Amino acid sequence: MSSRDDSDAELEKLRQELISSGVEPHDLTPLPGQEERAEEALSRILRAKKLAPQSERGIRSSRRNWIKWGSCLTIAAGIVLILSLVVFGQAPQVVHASTPPLLTFPGAVEGTMPPVGRTAASKLRDLATRAAQQPQPAGGPVQHIVLNSWWATTDESVDSGVRSLVVPVERESYFDRNGTLRAIERRGAPVSQDGLIDAPHVPTGTVVSTVSFESLDPGPRYADDLPTKPTELRARLIQGQDPLVCATASGACLISDVVDLNHNYVVPPALTAALWRVLAVDASITYLGRIHDRLGRPADAFTTPGEDGRRQKLLLIDPNTGRYLGEEVILTESSPQFDFTPPAVLSFSALVEAERVARSQVPKDQ
């Protein structure tokens, strides 16, 4: 049996156990692109003890491979998404055929976003200078990351064609420098009518899943060991990207790299500064102006066309510190994957915490 068959069997076993206990599945369709990553991660976790140590940890041949370990953090996209939609799937836990309202952009009509902005280079260089002036993160050996997110998924089994859902998720991770990673998924907070997260900026939702495991490549020091010279960093990032996708969507791929790093690591200020300088030389990334993010924080907003041409990626940066705040994906053209009416928010993630903590602060297994 292949590793994919193993993961399929594990997910189906969980589904059947829920059904036998009287819980009828509401929706088992994963988030866009999550099924493959979640199954792959699950199969690698199941085989983790059988894997031989790797003597060489070179650059990944594609961007998808170098962040493959990170899918373990969101293994709940397979298991937790099933639980969140099966157990908590009835209203009002998810929103049917509706997404959070768009953020408000300077000069744009309410409910819309400009597809492009003005040249971003000088603003990104200024933010790089501010980021470089921030203190080095202090604290213990564990990288603690908290994200508040809304993710879109689609159920294609309904008679009318497709039904799109938006699922609120809180993700908390503890990445120890010894390689141990602990990930906690919770039901996320609702948003208010103006699109802000209507809850304290700490994890408060019902815990859906907790997993702990030994991390795979590239390990807990990945962000610390990346080069901070922009030309070298850009070359490293390009080496890790899919050339077929990123040749025509370089800005989208670079922003995805920024998001992956900040959602999995406490990124050092020097690396943050280097990332902004790398983005500054990509003409496809433009500046939309000063806005407020989902947590009500001031943010400088940048955008670039997505890889498929139907979406815009949005990057949010703290204007005072140059720190990463979050990202959003906006559907700008109708897509057979969703029944949302463009423009519509397909997903957003707000970085709530990125800090180093002591091992004593890591929650114990229940």
Output needed: percent of Cα pairs per 5 Å distance bin for the range 207-324, bins running from 0 to the one holding the longest distance.
2, 10, 19, 22, 20, 14, 10, 3, 0
Leaving ligands, DNA and RNA out of it, rank D217, D198, D224 by accessible area with a 1.4 Å probe, largest first.
D198, D224, D217
Round to the nearest 0.05 the FRET efficiency obtained for A235 and S192 when R0 = 45 Å and r is the Cβ-Cβ distance.
0.55
Considering only protein heavy atoms and a probe of 1.4 Å, how much of the accessible area of the range 177-289 is carbon and sulfur, as a whole percent?
53
Arrange the peptides 357-363, 139-145 so that the one whose residues have, on average, the most other Cβ atoms within 10 Å appears first.
139-145, 357-363
Amide H within-cut-off set for V208, under 5 Å, with H built and near neighbours excluded
E185, R186, R187
What nm value, rounded to one decimal, do you get for the distance between T206 and E353 when each label is placed 7 Å out toward the C-beta?
2.3
Each label point is 7 Å from the Cα along the Cα-to-Cβ direction; what then is the distance between the points at A138 and L244, in nm?
5.0
If the only charges are +1 at each Lys and Arg Cβ and -1 at each Asp and Glu Cβ, what is the size of the charge dipole of the range 212-338 around the Cα centre, to the nearest 20 debye?
380
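The values are calculated or read from the model by the stated rules, or taken from the named source; none is laboratory data. The structure presented is a predicted model; accordingly, all values stated were derived computationally and were not measured. Note that each Cβ is placed from the backbone with ideal geometry, even for glycine, and that neighbours are counted across all protein chains shown. Note: areas computed on protein heavy atoms with side chains; ligands, DNA, RNA excluded. Shrake-Rupley method; radii C 1.70, N 1.55, O 1.52, S 1.80 Å.
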